[in-house]
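First the structure, in the form of structure tokens, and then the observations on it.
The values are calculated or read from the model by the stated rules, or taken from the named source; none is laboratory data. Only a predicted model underlies this, so the values are computations on that prediction, with no experimental measurement involved. Cβ placement follows ideal geometry from the backbone for every residue including glycine, while neighbour counts extend to all protein chains displayed. We work out accessible area using only protein heavy atoms, side chains counted, and drop any ligands, DNA or RNA first. Shrake-Rupley method; radii C 1.70, N 1.55, O 1.52, S 1.80 Å.
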Amino acid sequence: MNDSQKRLVIRNLLREWKCDVICLQETKLDGMDSQMVCSLWSCSYVDWVVLDADQMAGGVLIMWDRRVLETLEVLMGSFSMSVQWKGVEDGFIWACSGVYGPNDNNMRGFMWDELVGIQQYWNVPWCCFGDFNVVRFPSERRGGSRLTLAMEKFSEFIEDLNLIDLPLEGGRELYMV
């Protein structure tokens with residue numbers, strides 16, 4: 001996101017999509033300020049939280065429209081940041097977590113524990129999205145041919161928390177941003 005042209009592409013997409021909540025992955029920034037956020041989303045009522053990149057890897061930014069969602073609580077973890085909101089119009093309480101997972105299989109257990117803890121702490125409808133740095137099935141990895149223990153644990157995490165694994169749509173086009 002250090003490139004102004006990439007920020008312009010993101011800004012135009014967000015204007016077109018008319019979103020209330022946005023999560024951007026792989027920001028590759030170890031710091032974020034309101035000027036940078038406003039360069040991405042022109043909404044003057046934007047609020048945001050960020051999980052900084054680690055040495056130019058990762059980074060997650062969640063932005064939302066304060067006119068639509070009232071922030072109740074924010075939790076920052078080692079691998080995630082989570083926000084609990086209340087709908088301004090309907091009072092519906094829900095939460096979301098933006099995740100950037102470790103590449104190290106030994107560290108992934110800590111990420112799963114962190115996310116389970118967040119879901120249990122709030123016990124409200126929860127959306128969890130991000131880059132977990134693991135896939136569920138060999139077919140999701142280029143050249144992948146066998147199921148690994150890490151893949152099995154990811155599937156167990158999704159099943160144990162009753163999550164729904166939504167398929168990636170438009171990934172190739174958006175990845176090129």
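Things to note:
- Here Lys86 is the anchor, and the lysines within straight C-alpha reach of less than 28 Å, apart from those fewer than 8 places off in the same chain, are Lys18.
- Area of Phe132 that stays accessible when all protein chains are in place (1.4 Å probe, Å², to 10): 30
- Amide hydrogen neighbours beyond the local backbone of Gly101, cut-off 5 Å, H modeled: Asp131, Phe132, Asn133
- Scoring 142-151, 118-127 by mean Cβ neighbours within 10 Å over their residues and listing the highest first yields 118-127, 142-151.
- Estimated D of region 98-142 in µm² per second, where Rh is the Kirkwood radius over Cα pairs and Stokes-Einstein applies at 10 °C, 1.306 mPa s: 135
- Treating each Cα of region 70-130 as an identical point scatterer and summing with the Debye formula, the log10 of I(q)/I(0) at q = 0.20, 0.26 Å⁻¹ comes to -0.71, -1.06.
- Take the Cα of Leu147, step 7 Å toward its Cβ, do the same at Asp104, and the gap between the two points is 2.8 nm.
- Per-selection Rg to Rh, the chain - Cα, Kirkwood hydrodynamic radius: 0.96
- Exposure rank, largest accessible area first [Arg66, Arg136; 1.4 Å]: Arg66, Arg136
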